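A short write-up of the structure that comes next.
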Amino acid sequence: MNAREVYASMSRGWLDPAVLDDLWADDVVVETPFAAPGRPKRIEGRDAFLSLAKAGREAMPVRLVDHREVAIHETTDPDVIVVEYELVGESTVTGRQSAASFIGVLRVRDGKIAHWREYQDTMGMAAALAG
């Protein structure tokens with residue numbers, strides 16, 4: 001799969017996390033430069049990332065219900081794209097829906113995610129979680 005195809009699978013995976021598990025390269029690097037305090041800004045390796053992601057999903061009182069693609073930007077490297085998107089979540093407590101904006105830089109290798117750097121709207125996420 002090329003970068004656009006991997007991203008399409010990735011975006012489906014946000015709504016169905018089982019889809020995501022096979023997308024990550026064994027040596028993937030995931031970076032979130034604006035991570036909340038106490039959260040890692042860099043994770044190395046598929047197993048480490050999946051473990052942290054699973055724990056995060058289980059702890060979050062939100063169920064993701066929609067992915068809205070804003071834009072996909074090609075780069076001079078065919079294995080790298082920059083994506084702008086929104087994720088819509090629904091509180092499992094109140095039922096209220098809210099959206100947060102993201103920008104991601106995706107690098108693929110052999111049809112797998114080799115590097116993912118995500119810039120998150122942390123204020124929007126905090127507001128959504130506060131309900």
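Once phi is turned into θ = phi - 60°, what whole-Hz ³J(HN,Hα) does the Karplus curve with 6.51, -1.76 and 1.60 give for every residue of the range 23-36, x standing for Gly and Pro?
7, 8, 5, 4, 9, 4, 10, 10, 10, 10, x, 9, 4, 5
Rounded, prolate or oblate: which fits the chain, taking a ≥ b ≥ c as square roots of the Cα gyration tensor eigenvalues, rounded meaning a/c under 1.5, else prolate when a/b beats b/c?
prolate
Using unit Cβ charges (K, R positive; D, E negative) and no other charged atoms, how large, in debye to the nearest 20, is the dipole of the chain about its Cα centre?
About 400 debye.
Would you be so kind as to identify which of 97, 108, 15 lies farthest towards the positive end of the dipole of the chain, taking Lys and Arg as +1 and Asp and Glu as -1 on Cβ and the Cα centre as origin?
In the chain, that residue is 97.
Using r as the Cβ-Cβ distance of residue 63 and residue 35, and R0 as 22 Å, what FRET efficiency do you calculate, to the nearest 0.05? Intermediate results must be reported in sequence, preceding the final value.
On the way: r = 22 Å, r/R0 = 0.98.
That pair, residue 63 with residue 35, gives E of 0.55.
None of the figures in this text is laboratory data; all of them are computed from the coordinates on show. Here the structure is a predicted model, which means the values were calculated and not measured. Neighbour counts run over all protein chains shown; Cβ positions are idealised from the backbone, glycine included.
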